[in-house]
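Reading through the structure tokens given below for one structure.
The values are calculated or read from the model by the stated rules, or taken from the named source; none is laboratory data. Since the model is a prediction, treat every value here as computed from it, not as a measurement. Using ideal geometry, Cβ is built from the backbone for each residue, glycine included, and neighbour counts are taken over all protein chains shown. Accessible surface is based on the protein model in full, side chains and every heavy atom, while ligands, DNA and RNA are left aside. Shrake-Rupley method; radii C 1.70, N 1.55, O 1.52, S 1.80 Å.
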Amino acid sequence: MSGLAVRAAASVRSPRGRAPEGVPAALDYFRDLLTPFGEKPDEELLSRGPHVHHRDLVDLLVADEGVGGSRPELAIVAHALPDVVPFTAVAPHLTEQLGGRAVNFAIGQQGLAAPFTALRIASAYHRSGRAAEVVIAVLEQTTLPTTFPLPLPRETSLTDSAAALVLGASTGEGLGFVRAHAAGSAAAALGRELGEDGTLLVLGPWVTEDVPDHRAVHRVAPGSYCTSLWLELADHWQEWQRDHRRIVLCDTDPRSGRSHVALFAATDG
């Protein structure tokens, strides 16, 4: 069976938020969650956020014709920061919007590794014959009740954002997913990926160390934690596919220090 290739993609940046709702109940939950760690929720911090829920981001992604018209057998939601309100199951909501037949789940608590994990899972499902089409939605909202243990939004002025990839069996010229892996540094993670001509290196905003010299490099501007690479891929995949044979995405999680790489390559059918 052929591998997965990008069929469509969509991105969302800084959507309009909503008025805070359910804050007292959420505060009770967060208070119980944080007290064992010697922390307490910050009501002012929670109230002044944009309040863009994960469901809002999913609805905006599905409004894109390419994403909304897909009918996947597998739908994965990946996120590094939690939703505005607890007790929400967003992967089933995504599935409901896309035909209702997909196996669905979310990947969280992995930092910016979550989308890379989603790609590996999607590839395994496809190779096993369980998913001819997959949708991966990478979500990031920035309204949080505390900066513990996730200080990133306050420190880096993150914005609410989301990206979606529709992946299906390669049937002709396209951009196919090859592999994803991680290492203790960006240089180590990139070691085997930059030896071929026609390769574009896309570096996320958290790669601050020196990396191997490379001719074609695209650096992603700051403003997101786990969505940065995927926003750029969603916006530029067709252009990059025309101009390069291979696309290498790389970012380093600022909390764990581990670097993650995903390789996409042109397919010929």
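Pairwise Cα distances in segment 1-152 exceed 22 Å in 44 percent of cases. What the Cα convex hull of the chain gives, in volume per residue, is 125 Å³.
For the chain, give the percent of accessible area contributed by carbon and sulfur heavy atoms, probe 1.4 Å, rounded to a whole number. Write out the running numbers ahead of the final one.
Numbers: 5730 of 12020 Å².
Summing carbon and sulfur atoms, their accessible area is 48 percent of the total for the chain.
If only the Cβ of Lys and Arg carry +1 and only the Cβ of Asp and Glu carry -1, the dipole of the chain around its Cα centre is close to 500 debye. Distance between the 7 Å Cα→Cβ label points at residue 28 and residue 215: 6.4 nm. Which one of 145, 20, 115 has the biggest mean-square fluctuation once the chain is modelled by GNM with Cα springs under 10 Å? Judging by the Gaussian network model, the answer is 20. For the options 183, 118, 78, a Gaussian network treatment of the chain with springs between C-alpha atoms closer than 10 Å singles out 183 as fluctuating the most. Annotation: extensible slack from residue 88 through residue 44 equals 13.6 nm (criterion: 0.36 nm per residue apart, minus Cα-Cα distance). Here the sum of -39500 (n - 2.57) over DSSP H runs of 4 or more residues, divided by the residues of the chain, equals -8000 deg cm²/dmol at 222 nm, to the nearest 500. Set Lys and Arg Cβ to +1 and Asp and Glu Cβ to -1, take the dipole of the chain about its Cα centre, and tell me which of 102, 236, 60 lies farthest positive. The residue sitting farthest along the positive end of the dipole is 102. Overall, the anisotropy analysis places segment 47-127 in the oblate class: the square-rooted eigenvalues a ≥ b ≥ c of its C-alpha gyration tensor yield a/c not less than 1.5, with a/b not exceeding b/c. With Cα atoms as the point set, segment 80-183 shows a radius of gyration and Dmax of 15.5, 48 Å.
Basic side chains Lys and Arg get +1 at the Cβ, acidic Asp and Glu get -1 at the Cβ, and with that the dipole of segment 165-269 about its Cα centre reaches some 240 debye. Within the listed set 193, 140, 209, the residue fluctuating most in the Gaussian network model of the chain (springs between alpha-carbon atoms under 10 angstrom) is 209. From the C-alpha coordinates alone, can you work out the Kirkwood hydrodynamic radius of segment 136-262, in Å? After inverting the pairwise mean of 1/r, the radius is 15.6 Å.
In Å², what does the accessible area per residue of the chain work out to with a 1.4 Å probe? Write down the numbers at each step before the final one.
Values: 12020 Å² over 269 residues.
Heavy-atom SASA per residue in the chain reads 45 Å².
Here segment 87-190 is assigned +1 on the Cβ of each Lys and Arg and -1 on the Cβ of each Asp and Glu. Its dipole about the Cα centre then comes out at about 360 debye.
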